[in-house]
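Each remark here refers to the structure printed beneath this line.
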Amino acid sequence: MNPYVRDRINRKLDTLSDERLYQILDYVEFLESKYAEKSAPVANVFTRFAEGVEDKLRAGGVAVSTVSETMGFLNKAMGVLNGVALTTMTVAGDVVNAAKTAADQVGAPPPAAPPASPPTSHAAAPGTQPAPPAVPPIPPSATA
């Protein structure tokens, strides 16, 4: 997007009320559905949730000031949740790095990937009886 056009549009938008901004948003979404040259970037789950709440409030006829206030609260909550998610990923990365470092210091082999499926061999150990095959339970309708 041309940064000069974006700045000019933003200057014009700054002069309008929230009610008019929602009308502009509706028009932009209409234009996007008709003439978009590329698909919009996929929003994260928190953003999609907040936009869904916003759309439901607007469709329900809730006052624009109430919608704006609600969205402010949701944006603050999303910031907190994004921070928690980022912290969780950082801690998980630190744990993995610490485990790798400990394994390297001990000289342990790297952890093996779990097997794709359990072995299908039913051979019994030498000197033992093979286990009988599993029998599925009889459905209640078949016993009547």
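Odds and ends about this structure:
- Around the Cα centre of segment 22-62, unit charges on the Cβ atoms of Lys, Arg, Asp and Glu (plus for the first two, minus for the last two) sum to a dipole of about 80 debye.
- L13/S68 FRET efficiency (R0 22 Å; Cβ-Cβ; nearest 0.05): 0.95
- Its Cα centre serving as origin, segment 1-73 has a Cβ charge dipole (Lys and Arg +1, Asp and Glu -1) of approximately 220 debye.
- Restricting segment 1-72 to GluC sites (Glu not before Pro) that sit in a DSSP loop and have at most 12 other Cβ atoms within 10 Å of their own Cβ leaves E37.
- In order along segment 89-99, the phi-based Karplus estimate (6.51 cos²θ - 1.76 cosθ + 1.60, θ = phi - 60°) of 3J(HN,Hα) comes to 5, 5, 4, 4, x, 5, 5, 4, 4, 5, 5 Hz; Gly and Pro are listed as x.
- Spacing of the two label points (7 Å from each Cα toward its C-beta) at K100 and A36, in nm: 3.7
- In summary, the lysines within cross-link reach of K56, defined as a Cα separation below 20 angstrom excluding same-chain residues under 8 places away, comprise K76.
- Paramagnetic label reach from A77 (point 7 Å along Cα→Cβ; backbone nitrogen cut-off under 16 Å): within segment 46-61, residues 46-58.
- The magnitude of the dipole of segment 45-109, with charges of +1 and -1 set on the Cβ of Lys/Arg and Asp/Glu and taken from the Cα centre, is near 80 debye.
- Considering only V64, N2, F30, and ranking their Cα positions along the charge dipole of segment 1-82 that arises from unit charges at the beta-carbon of Lys, Arg, Asp and Glu, the one farthest toward the positive end is N2.
Since every read-out is calculated from the coordinates, none of them should be taken as a lab result. Everything numeric here is computed off the predicted structure, so don't read it as measured data. When we count neighbours, we look across all protein chains shown, and the Cβ atoms used for this are built from the backbone with ideal geometry, even at glycine.
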